[in-house]
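Down below is the structure, laid out as structure tokens.
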Amino acid sequence: MEIPENSNASSFFFILMDLPGLQKAHCWTAIPICAIYVLSVLGNITIMHIVKTVPSLHTPMYLFLSMLSMADLGLSASTLPSMVAVFFLGQRKIGAATCFMQLFFIHTFSVIESAVLLAMEPLRYATILTTKRIRAIGLTVVTRSAVLHLPLPVLLSRLHFQPVSALSHSYCVHPDVLRLSLSSTLVNSSLGLFVMLSTLGMDAVLILLSYVLILKTVLNIASNADRLKAFNTCVSHICAVLLFYTPLVSLSMIHRFGTKKLPAQVYMFLSYMHFLMPPVLNPIVYSIKTKEIRVRIVRMLHPKK
């Protein structure tokens, strides 16, 4: 079969996926989607505002928490345009160039969040980190993510696709676009796998090793009260890590080994869990488990007269 010469990103389009079985219920599905984005924006902006305006919170733990909120906002903003187009406007067609740009930002902010979670080691902030080092870490995290993902859209634009191809998500992600290519994807797949293993994979392993060391340290504490306090310090971070990595690992396995045995609803659910839920739930988790944040939010909601 002859492959059409359509490597120009302006000559082909992708069709974004709607929620399976709910294509005619946009007026209802748009409500929870809207609520998710509103909660994400309000929650993360609130966290960033509190950390910025309260001098006593200008410590490594809260500065990293502010970075996490920035990454969450970026991730939400990356998926928002296509989600609005699908669920609010009923527009499922997206240009290739726009799609490639979106997947660059989605994967970039996803890796930034992973790196921030790695940097947020709960028990050793004050002894090894200064504000200058935190800024350097933040700059390194952003640079690493952007540089590693920059080749992805460039290489995708060199592939051949059908004039119109259907995606499996309501937004563009690299493995989903790559599977639709009509030409060889060896270079793209190899680069994508390298980027994933050198960022998300390595971050996950280092976080696991970090918690092994933390567990060893905590178990050596003689006092039960101090041991419980140390464990409680890690709860928020553990929740954020699980929220981010659990659907990510599941989604990666599905992309690598196929989806024929899974219903489309499960596939979409895991996708939304990974990209939409952490930006919403991270501020809630840290607000509940972090006294300083919780107190400031209560004061904002009920200011003293």
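Please go through segment 268-298 and give me each residue that is surrounded by fewer than 18 Cβ atoms within 10 Å (Cβ to Cβ) and in contact with a Gly (Cβ under 8 Å, 6 or more places away or on another chain), ordered by number.
Passing the criteria: only 284.
Among 64, 109, 104, which is the only one that is touching a Pro at 6+ places or on another chain (Cβ under 7 Å) and either modelled with pLDDT of 85 or more or closer than 30 Å to residue 226 by Cβ (or both)? Give the steps one after another, and end with the answer.
Details: 64 fails: touching a Pro at 6+ places or on another chain (Cβ under 7 Å); 109 fails: touching a Pro at 6+ places or on another chain (Cβ under 7 Å).
It is 104.
Which of the residues spanning segment 140-164 are touching a Phe, Trp or Tyr at 6+ places or on another chain (Cβ under 8 Å) and either of a type in the set (S, T, N, Q) or surrounded by 16 or more Cβ atoms within 10 Å (Cβ to Cβ) (or both)? Reasoning before the result, please.
Just the residues of segment 140-164 that are touching a Phe, Trp or Tyr at 6+ places or on another chain (Cβ under 8 Å), to begin with: 145, 149-150, 152-153, 156-157, 161-164.
Those that are touching a Phe, Trp or Tyr at 6+ places or on another chain (Cβ under 8 Å) and either of a type in the set (S, T, N, Q) or surrounded by 16 or more Cβ atoms within 10 Å (Cβ to Cβ) (or both): 145, 149, 152, 153, 156, 157, 161, 162.
Being buried (at least 19 other Cβ atoms within 10 Å of the Cβ) and either in contact (Cβ under 8 Å) with a residue 40 or more places away in the chain or of a type in the set (Lys, Arg) (or both), is that true of even one residue in segment 181-190?
no
Got at least one residue in segment 20-33 being at pLDDT 90 or above and β-branched (Val, Ile, Thr)?
no
Exactly one of (1) exposed (fewer than 14 other Cβ atoms within 10 Å of the Cβ); (2) at pLDDT 80 or above; (3) small (Gly, Ala, Ser) is unmet by residue 201. Its number?
For residue 201, the exception is condition (1).
Applying the selection to segment 77-114, what residues are surrounded by 21 or more Cβ atoms within 10 Å (Cβ to Cβ) and hydroxyl-bearing (Ser, Thr, Tyr)?
The answer is 78, 79, 82, 108, 110, 114.
The values are calculated or read from the model by the stated rules, or taken from the named source; none is laboratory data. This one's a predicted model, so the numbers in the text were calculated from it and none came from an experiment. Cβ sites come from the backbone with ideal geometry, for glycine too, and all protein chains shown count toward neighbours.
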